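J.: Okay, handing you the structure first.
The values are calculated or read from the model by the stated rules, or taken from the named source; none is laboratory data. Everything numeric in this text was worked out from a predicted model, so none of it was measured. Cβ coordinates were reconstructed from backbone atoms using ideal geometry, including for glycine residues, and neighbour counts include every protein chain displayed. Keep in mind that these areas ignore ligands, DNA and RNA; they rest on the heavy atoms of the full protein, side chains included. Shrake-Rupley method; radii C 1.70, N 1.55, O 1.52, S 1.80 Å.
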Amino acid sequence: PLEQLAISLEKTTDSAHPSSAQRLSQTRHDELGRISRAVHSLTATASRHHQEANQLRRTLDSRVETATRRATAGLAKMAMRDPLTNLGNRRFLEQMLDELVTSCLKANTDLVCIAIDMDNFKEVNDTLGHSSGDELLRFVGNLVRGSIRDNDVAIRMGGDEFLVLVPGCDMERAHAFADRLIKLFADYARTVLPDSVRVGMSAGIASLLYDRAKDGEDLIAIADRKLYEAKQAGKGQFTGG
């Protein structure tokens with residue numbers, strides 16, 4: 001069942017359309033069924049976000065659209081892409097961050113930053129080996145990529161640290177994104193890891209306008225502080241917004 005689920009996940013991630021998730025077994029009453037139903041819901045959400053992205057392009061200031069398009073185009077260069085998760089890397093972030101923030105400020109459009117980090121990830125590498133850790137990282141990369149819109153930017157900062165930049169996003173959507181990611185990852189981890197290995201996910205959310213960030217680096221720093229607060233509060237949750 002796990003192998004069938006893995007194959008279905010890969011196909012669903014490639015198409016990101018609700019109908020592609022129908023092949024997942026949603027009638028099971030165990031954790032595999034919960035993951036399948038969550039992935040189906042996630043895919044439907046991604047499809048809706050794709051439609052929202054099209055609307056976003058028609059409503060956002062052209063400067064924001066230009067900045068996000070240029071950032072996405074830059075990912076075509078292998079030097080800008082993390083080979084393990086297929087997300088942008090830190091170098092990619094450094095090259096596009098200032099322009100994206102400036103464009104959002106000029107357009108009076110908010111930019112939400114979501115910092116994501118796995119809880120107790122070192123325990124996976126130490127106990128099960130780095131290959132198991134890499135599989136978890138790939139899974140997170142697929143989850144993030146499958147749930148963002150075309151205009152959003154996803155980054156693997158290094159290790160088990162990820163960053164998502166979402167222009168034109170409200171806090172309700174940011175909270176829903178973080179909450180869904182955390183719960184889906186927890187279900188997956190419980191299914192593929194032994195009970196002795198406790199791994200979860202925490203997130204911190206910062207808003208360019210609401211938190212009055214001075215620049216992109218300050219926005220990321222605020223999200224990191226919120227992430228630290230989530231971990232201090234017990235892990236497996238998000239704070240901010």
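J.: Could you go through the range 193-199 in sequence order and give the Karplus-derived ³J(HN,Hα) for each residue, using 6.51 cos²θ - 1.76 cosθ + 1.60 with θ = phi - 60°, rounded to whole Hz, and x for Gly and Pro?
T.: 10, x, 4, 6, 9, 9, 10
J.: Here's a follow-up. Which of the peptides 121-133, 152-164 is most tightly packed, and how do the rest follow, going by the mean number of other Cβ atoms within 10 Å of each residue?
T.: Values: 121-133: 15.1, 152-164: 21.3.
Result, highest mean Cβ count within 10 Å first: 152-164, 121-133.
J.: Starting from the amide H of LEU209, placed 1.01 Å from N in the peptide plane, find each other amide H under 5 Å away whose residue is 5 or more places distant or on another chain.
T.: LEU111
J.: For the range 133-145, take each phi angle, set θ = phi - 60°, evaluate the Karplus expression 6.51 cos²θ - 1.76 cosθ + 1.60, and give the result in whole Hz per residue in order, putting x for glycine and proline.
T.: Calculated HN-Hα couplings, in order: x, 5, 5, 5, 5, 5, 4, 4, x, 5, 4, 5, 5 Hz.
J.: Using the crude model of +1 on Lys and Arg Cβ and -1 on Asp and Glu Cβ, and no other charge, please compute the dipole size for the range 146-231 relative to its Cα centre, in debye to 20.
T.: Details: 12 positive and 15 negative charges, 44 e Å.
Result for the range 146-231 is approximately 220 debye, rounded to the nearest 20.
J.: Counting heavy atoms of the protein chains only and a 1.4 Å probe, report the per residue accessible area for the range 100-174 as a whole number of Å². Intermediate values should be presented prior to the final figure.
T.: Numbers: 2610 Å² over 75 residues.
Accessible area per residue, the range 100-174: 35 Å².
J.: Mind listing the long-range amide H neighbours of GLY236? Cut-off is under 5 Å, sequence gap 5 or more, other chains count too, H placed in the peptide plane at 1.01 Å from N.
T.: It is MET201, SER202, by chain and number.
J.: Taking only the alpha carbons of the range 129-241, what extent do you get along each of the three principal axes, in Å, biggest first?
T.: 43, 32, 24
J.: For MET157, list long-range residues whose amide hydrogen, built 1.01 Å from N in the peptide plane, is under 5 Å from its own amide hydrogen.
T.: PHE162, LEU163
J.: Okay, moving on. Whole-Å semi-axes of the range 64-182's equivalent ellipsoid, largest first, each the root of 5 times a Cα gyration tensor eigenvalue? Walk me through the numbers before you get to the answer.
T.: Working: eigenvalues 141, 56, 22 Å².
That gives 27, 17, 11 Å for the three semi-axes.
J.: If you don't mind, there's one more thing I want to ask. Among the listed pairs LYS122/LYS226; LYS106/LYS226; LYS183/LYS235; LYS122/LYS235, which are separated by more than 23 Å between their Cα atoms?
T.: From LYS122/LYS226; LYS106/LYS226; LYS183/LYS235; LYS122/LYS235, over 23 Å: LYS106/LYS226.
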